[in-house]
Amino acid sequence: MRYLWMMMVCLLLVACGDKSDKKDWEDGQKLEQVEDTEEGTVLPEHLDTCQCDLLAFNEAGTAIYKDTAFNGKCHSYNKANGNKYEERLYLQGVVQWIKYYNNFGELITQYDYEDGVRKELSANCDCNKIEYKKVEGTYVAYYDGNVFDGYCRSFYPKGSQVYQEGKFIDGIKDGMHSVYDKSGNILTFEFYENGELINKNGKPIKGDN
């Protein structure tokens with residue numbers, strides 16, 4: 001009788017422990033889901049992830065993945081070393097931001113978008129019409145005979161797809177300068193600080209340029 005009583009007590013303790021563990025696990029799952037929201041709008045379980053070159057775009061410019069408007073993040077990788085250099089966030093097929101990284105995974109720059117249009121970029125010159133003159137050892141950009149200050153952007157023939165774009169301050173390259181393929185995927189990019197090339201395709205540049 002004593003042994004039967006001890007067995008019943010053991011079974012009761014085990015059952016209580018299982019319920020407690022299960023509750024802790026469920027609470028942990030709920031906490032994790034609440035904390036890992038994407039800017040408070042979309043839960044992570046609702047976000048897809050894919051490589052950016054797998055996205056298709058309809059006539060309205062909406063990103064399509066698996067026959068539906070893409071809702072998630074896509075990534076692009078350097079073919080030479082496999083490192084991620086680009087990340088985009090799409091909600092209902094509309095881009096929200098694009099981030100670029102160096103070869104060490106550090107964020108170089110981020111472009112934010114509103115209604116699919118990049119906020120801080122206002123192209124005011126065709127890149128193909130910029131001329132460069134060497135002034136005191138530095139190449140300075142000129143447009144229509146004047147030192148160029150602003151953004152340039154050029155397009156593929158017979159289309160609206162951007163081919164290249166970049167920013168200039170007082171004729172000197174600054175920030176990101178990018179070249180794209182006909183699908184909008186970045187082919188190559190260079191990052192400048194006050195005319196100095198510091199990063200090319202995610203790889204830091206050392207020494208004088």
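The values are calculated or read from the model by the stated rules, or taken from the named source; none is laboratory data. No experiment lies behind these values; they were computed from the predicted model shown. Here the Cβ positions follow ideal geometry from the backbone for every residue, glycine too, while neighbour counts run over all protein chains shown.
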Of (1) β-branched (Val, Ile, Thr); (2) loosely packed, with under 13 Cβ neighbours inside 10 Å; (3) touching a residue at least 60 places away in the same chain (Cβ under 8 Å), Ile186 satisfies all except one. Which? (2)
Take the residues of segment 90-119 that are among the acidic types (Asp, Glu) and more than 19 Å from Tyr77 (Cβ to Cβ): which is surrounded by the fewest Cβ atoms within 10 Å (Cβ to Cβ)? Asp115
Taking segment 139-157, which residues are surrounded by 12 or more Cβ atoms within 10 Å (Cβ to Cβ), assigned to a strand (DSSP E or B) and more than 27 Å from the chain's Cα centre (by Cα)? Tyr139, Val140, Ala141, Tyr142, Tyr143, Val147
Scan the strands (runs of 3 or more DSSP E) fully inside segment 69-115 and keep the ones with 2 or more residues being touching a Cys at 6+ places or on another chain (Cβ under 8 Å). 72-77, 84-91
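Return a yes/no flag: does segment 119-135 have any residue that is outside any loop (DSSP other than H, G, I, E, B) and under 30 Å from Ala69 (Cα atoms). Lay out the reasoning, then the answer.
Here is the first cut: in segment 119-135, the residues outside any loop (DSSP other than H, G, I, E, B) are 123, 127-129, 131-135.
From what is left, the residues that are under 30 Å from Ala69 (Cα atoms) are 123.
Yes - at least one qualifying residue is present in segment 119-135.
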Selection within segment 125-138 - surrounded by fewer than 12 Cβ atoms within 10 Å (Cβ to Cβ) and within 17 Å of Tyr156 (Cα to Cα): Asn128
Considering every residue within segment 158-168, establish whether at least one is buried (at least 17 other Cβ atoms within 10 Å of the Cβ), in a strand (DSSP E or B), among the basic types (Lys, Arg) and not assigned by TED's automatic domain parsing to the domain that holds Glu86. yes
